[in-house]
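The next block holds one structure in the form of structure tokens; read it before the comments.
The values are calculated or read from the model by the stated rules, or taken from the named source; none is laboratory data. Quick caveat: nothing in here was measured; it's all calculated off a predicted structure. Heads up, the Cβs are rebuilt from the backbone with ideal geometry, glycines too, and the neighbour counts pull from every protein chain shown.
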Protein chains: 2
Amino acid sequence: MADRLTVGVAARLSRYLQVLTQAKKMGKERISSQEISEYTNINATQIRRDLSNFGRFGKRGVGYDIDSLLAEIRKILRTQGQHNIALVGAGRLGAAIASSPIFAEHGITVAAVFDSDPAKEGRVLGGVTVEPLDRLDELVRERNIIVGVLAVPDGAAQTTCDSLVGAGVKIIFNYSQALLTTPGDVQVHTSNPAVELLYALYFHLT
Amino acid sequence: MADRLTVGVAARLSRYLQVLTQAKKMGKERISSQEISEYTNINATQIRRDLSNFGRFGKRGVGYDIDSLLAEIRKILRTQGQHNIALVGAGRLGAAIASSPIFAEHGITVAAVFDSDPAKEGRVLGGVTVEPLDRLDELVRERNIIVGVLAVPDGAAQTTCDSLVGAGVKIIFNYSQALLTTPGDVQVHTSNPAVELLYALYFHLT
């Protein structure tokens, strides 16, 4: 795969990766395009087309070998390596993020946790000690972190984002609702479960 | 708007809704397509086209009136009403969800919280008392809840999902990583921040 994937293909592969990882964890060895379709809501024909593009053909009645498909998709998405992320905010949400096994399963390590509240300093979240914000620049650089996760109140989000960007972070996952301003080479992903829910409701109600 | 929106249009409108809600909270009264574009990564021309389809025209150098645009999008997405949701799981993530202002801002009320752990029963999360699972069926029916949020461990997800569906829930937000099986008229949305992050990394690294 010398070419860059389109956004659509990369999004679908990411969803296959999620389903395959979980199916493997549940002890399954093979999976059909129909099963992947049920879990992703992606059309089974589309799934077969995507996977055959990468030289993977499911056998009728047998399906795809999960291990080899996982390895292939990880190679294509270049996600085999380990990635360090910095988490800012050690409140309820930060604690939930740091203690979740979801990241570790995909080779993502919460390598640093910061909080502005001195009372939280020194606590251990997901195996990592909570550090004060004034160590952010130093530790993010030292640990080669390019992904930052913001689990801070809206009012603190832009300042925290600026500190992360200043330290070299290129991808921000924003769990606050603040509208963040960043340089053009920094991607911001803002999560809003309420808006996703309204969107789901729309299709339910109409 | 007699016609049902396509998935793409509804997704974009949901993102405009998110940005407009936040811009209003920040005290802004007007916003340009260029600003909406910066916050959503959606092309400004596309934004202008979407909004002009609904009879909204921004004025050059002045932009759109946020209040009236918000009202219009809410009407189109039919999200003006109040929606009750049930949350299952009063652990770290559940607590973060219940105490977040994000839902309330969009007319979504966490109307019931359940947990299997008797030690959590009777606690108050986001103003709602944690109830035992054996009251789920009764309370979900009584409160007309069609949206359930799963903040439970993977191993408990399918059983919990079945109970919610049995009580009439049609939309499941799954924060576990379990692959859930549901009847055809029930939508499942599984959130996986790790996979979203790998996807973002792909575009950063290539």
From A:Leu179, A:Leu150, which residue is in contact (Cβ under 8 Å) with a residue 24 or more places away in the chain and either of a type outside the set (D, E, K, R) or under 21 Å from A:Arg135 (Cβ atoms) (or both)?
A:Leu150
Does region A:94-116 include one or more residues that are more than 24 Å from A:Ile146 (Cβ to Cβ) and crowded, with 19+ Cβ neighbours inside 10 Å?
no
Which members of region A:77-96 meet the condition of being touching a residue at least 12 places away in the same chain (Cβ under 8 Å), among the aliphatic types (A, V, I, L, M) and at the interface with chain B (Cβ under 9 Å from one of its Cβ atoms)?
A:Leu77, A:Ile85, A:Leu93, A:Ala95
Show the residue pairs meeting these rules: Cβ distance below 6 Å; 6+ apart or different chains; first residue within region B:1-20 and more than 20 Å from B:Glu35 (Cα to Cα); second residue of a type in the set (A, V, I, L, M).
B:Met1/B:Ile76
A careful count of residues in region B:89-129 that are over 22 Å from A:Gly94 (Cβ atoms) and either of a type in the set (A, V, I, L, M) or at pLDDT below 85 (or both) gives 7
Complete set of residues in region B:82-93 that are in a loop (DSSP other than H, G, I, E, B) and either loosely packed, with under 15 Cβ neighbours inside 10 Å or of a type in the set (S, T, N, Q) (or both):
B:Gln82
Quick check: is even one residue across region A:176-188 within 21 Å of A:His83 (Cβ to Cβ) and in a strand (DSSP E or B)?
yes
Name the residues in region A:1-55 that are among the acidic types (Asp, Glu) and either modelled with pLDDT of 90 or more or touching a Ser or Thr at 6+ places or on another chain (Cβ under 7 Å) (or both), would you?
A:Glu29, A:Glu35, A:Asp50
Take the residues of region B:134-183 that are of a type in the set (D, E, K, R), out of contact with any Asp or Glu (no Cβ under 8 Å at 6 or more places or on another chain) and within 28 Å of A:Leu17 (Cβ to Cβ): which is modelled with the highest pLDDT?
B:Asp162
For region B:43-63, give me the residue count where each residue is touching a Phe, Trp or Tyr at 6+ places or on another chain (Cβ under 8 Å) and under 23 Å from B:Glu105 (Cβ atoms).
4
Considering only region B:182-197, state which residues are at the interface with chain A (Cβ under 7 Å from one of its Cβ atoms), in contact with a strand residue (DSSP E or B) (Cβ under 8 Å, 6 or more places away or on another chain) and of a type in the set (A, V, I, L, M, F, W, C).
B:Ala194, B:Leu197
When both residues are 6+ apart or on different chains and their Cβ atoms are under 7 Å apart, which pairs have a first residue that lies in region A:97-109 and is in a loop (DSSP other than H, G, I, E, B), and a second that is among the small types (Gly, Ala, Ser) and surrounded by 21 or more Cβ atoms within 10 Å (Cβ to Cβ)?
A:His106/B:Ala194
If you check every pair at least six apart or on different chains, which have Cβ atoms under 8 Å apart with a residue in region B:44-73 that is of a type in the set (Lys, Arg) first and a residue that is not in a strand (DSSP E or B) second?
B:Arg48/B:Ser33; B:Arg48/B:Gly58; B:Arg56/B:Ser68; B:Arg56/B:Leu69; B:Arg56/B:Glu72
Does A:Glu131 fit the bill of being under 16 Å from A:Leu150 (Cβ atoms), in the same structural domain as A:Thr160 (by TED's automatic domain parsing), without any contact (Cβ under 8 Å) to a residue 24 or more places away in the chain and surrounded by 13 or more Cβ atoms within 10 Å (Cβ to Cβ)?
yes
